[in-house]
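Working notes for the structure below.
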Amino acid sequence: MSVDPGTRTDDAESRSGDEGRRTGDAGRRPDDAGRRTEAVTAKGLADDARAGASVPLAAFERAADALATVILNTAAVVDLHHVVIGGGVAAAGPLLIDPLRDRLAKRAGMDFVRHVKVAPTSLERNAGLYGAAALALQASEG
């Protein structure tokens, strides 16, 4: 399939057979002429989803599906009890966390994975930095 990035559809996004898949210059938002100009960020995607845009909402739904699969598979192997979601996308809060919790509840087939709790980090975007610093400190002491 070939796509002309300058082509604009009624909702400013070219679509393939996959509902909501952006084509053309990936990672850019369309301007009024359909050209991709503004970089897509997690915050921008969340803002668009909160405004009711279907493609960003679908992106969060797909992310929840993927995360639920990874979390349940990992929980089955290493007996997780708590999962903390961090990074910029986690700042979307309920847009990601609510469908993720829903998927986990519906898909948890084994008794020992039904107890897994998911929460967004309270450390916001610095969670990775704190984790890396803690590991470095632990390694230097041991």
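Hey, can you grab everything whose amide H is under 5 Å from the amide H of V118? Only 5+ residues off in sequence or another chain; H modelled, so Pro and N-termini drop out.
Those lying under 5 Å, H to H, from V118 are V83.
Amide H of T41 versus every other amide H placed in the peptide plane: which residues, excluding those fewer than 5 positions away on the same chain, fall under 5 Å?
Correct list: empty.
Using the Karplus curve 6.51 cos²θ - 1.76 cosθ + 1.60 with θ = phi - 60°, work out ³J(HN,Hα) for each residue of the stretch 86-99 in order, rounded to whole Hz, and write x for Gly and Pro.
Whole-Hz 3J(HN,Hα) from phi for the stretch 86-99: x, x, x, 5, 5, 5, 5, x, x, 4, 9, 5, 4, x.
Every number here is computed from the coordinates shown, using simple stated rules; none is lab data. The shown structure was predicted, so the numbers you read here are calculated from the model rather than taken from an experiment.
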